[in-house]
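Participant: Input: one structure, supplied below.
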Amino acid sequence: MNRPTYLYDLDALTTHAAAIRAALPSRVELLYAMKANPAPELLRTLAPHVDGFEAASAGELRHLARTLPRVHPAVLGGPGKTDAELNAGLAAGVHRFHVESPHELRRLSALATAADTVANVLLRVNLPVDLEGAALIMGGAATPFGMDPEQARDCARLDLPGIRIHGVHAHLASGLTAPAAAMVARRIVDWAVSQLGASEVNVGGGMAVDYTNPANIFDWARYGSDLQAPLAEHPELVLRIEPGRAVTAYCGWYVTEVIDVKFSRGEWFAVVAGGTHHLRTPAAKGHSQPFLIFPRTDWGHPYPRPRTGHGPVTIVGQLCTPKDILARPVETDPISAGDVIAFAMAGAYAWNISHRDFLMHDPPTFEVGTLGELTSGKIQPGTQAPVGIT
Ligand SMILES: Cc1ncc(COP(=O)(O)O)c(C=O)c1O
């Protein structure tokens, strides 16, 4: 394999999505945040298990309509929607607009009125919550996301033509454990119902994914059970969530080959084909992407095969930048040139957030199947019908 491959295990995704759905109370509506990975195969696989999709641009809306032409409820979010995007949402009949500012609400009102239609709205609110330890906090401090509570209250009092406000949307952090996510959900629900009389609340995504330990998955059963209390207190409330990463991270693998092994000033480096221009996740999050090594047994070259010795190894890609690091110095089994390395948890915020044109290497191939099928040679990369977003 001299060209890296993205492998999507759709059976694993089906099992995972079904387990998430089963762990949630039936009253909780589950949307998938497409921004995590909009690959068509993933959207089609998820469709039977979710109540709809969260799109954050007109492009995502178009892609959803192309991929799943039968109606699949979409909500439209995003902190800076152009008039064209709002109009695209109106034309597509999006289920809910997540409105991020008073100005956006007024523009949407004018556009909906001109189109002789009604826009169904949730106001995105930036509520203060105590979120110590969360990976990426987007609420409670100054942010461009959503409105401060008093602005949302003012918006809710406006009687704008073409606008029907149903409640509140909030996405306040990512990297939340189940108890923390449930606590945040409760805080949002309490505020939305008491302050705005909301009949609907979307508490966002942000469920934690632990890249240091793939087995430590978000406790959906605990989350589902913790949501029972706010649901019981508000029997008429529609409660919605829109996770992305915790849904699709696990079904994706980025599989590549070791080109070279080097020892520089006391440190080992393994250089693989591809790099962070294909898998930006470790650069974006500053972590080591977890990986498995598949040693190659048929070396067959007349020259010696370089191999790491004692001590940690840094796994890097082919880019001419010291930032092209897939795994920081990690203790690992020896790695030799020609070995195959499969990076796990590459199903979310991976290929689709990567700076793929930097250095103009070939893109990876995209395959559907299991890691066993790929590493045993049952799947020959590049021979299946093309899949994925290219
Ligand atoms: C508004 C909104 N909803 C949902 C998500 C999905 O978050 P995650 O993938 O962490 O679950 C994001 C991610 O940034 C977001 O901004």
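The values are calculated or read from the model by the stated rules, or taken from the named source; none is laboratory data. Just so it is clear, the structure is predicted and the values come from calculations on it, not from any experiment. Positions of Cβ are generated from backbone atoms using ideal geometry, with glycine treated the same way; all protein chains shown enter the neighbour counts.
Participant: Which of the numbered conditions does Ser336 fail, given that it passes all the others? Conditions: (1) closer than 18 Å to Glu267 by Cβ; (2) crowded, with 20+ Cβ neighbours inside 10 Å.
Facilitator: Failing condition for Ser336: (2).
Participant: Still on this structure: Is it the case that Thr143 is surrounded by fewer than 14 Cβ atoms within 10 Å (Cβ to Cβ), closer than 23 Å to Met183 by Cα and not aliphatic (A, V, I, L, M)?
Facilitator: For Thr143, the condition - surrounded by fewer than 14 Cβ atoms within 10 Å (Cβ to Cβ), closer than 23 Å to Met183 by Cα and not aliphatic (A, V, I, L, M) - is met.
Participant: Let me ask something additional. Can you tell me which residue is nearest to the ligand (Cβ to nearest atom) among those in the stretch 159-173 that are out of contact with any strand residue (DSSP E or B) (no Cβ under 7 Å at 6 or more places or on another chain) and modelled with pLDDT of 95 or more?
Facilitator: The qualifying residue nearest to the ligand (Cβ to nearest atom) is His171.
Participant: Taking only the stretch 174-199 into account, find how many residues are within 15 Å of the ligand (Cβ to nearest atom) and either among the hydroxyl-bearing types (Ser, Thr, Tyr) or at negative phi (or both).
Facilitator: Qualifying residue count for the region: 10.
Participant: Without any contact (Cβ under 8 Å) to a residue 60 or more places away in the chain and more than 19 Å from the chain's Cα centre (by Cα) - does that describe any residue in the stretch 238-260?
Facilitator: Among the residues of the stretch 238-260, not one is without any contact (Cβ under 8 Å) to a residue 60 or more places away in the chain and more than 19 Å from the chain's Cα centre (by Cα), which makes the answer no.
Participant: Restricted to the stretch 228-261, and to residues that are within 12 Å of Val189 (Cβ to Cβ), hydrophobic (A, V, I, L, M, F, W, C) and more than 16 Å from the ligand (Cβ to nearest atom), which residue is surrounded by the most Cβ atoms within 10 Å (Cβ to Cβ)?
Facilitator: In this case the residue turns out to be Leu237.
Participant: Could you go through the stretch 201-212 and let me know if any residue there is more than 16 Å from the ligand (Cβ to nearest atom), part of a loop (DSSP other than H, G, I, E, B) and within 30 Å of Gln289 (Cα to Cα).
Facilitator: Yes - at least one qualifying residue is present in the stretch 201-212.
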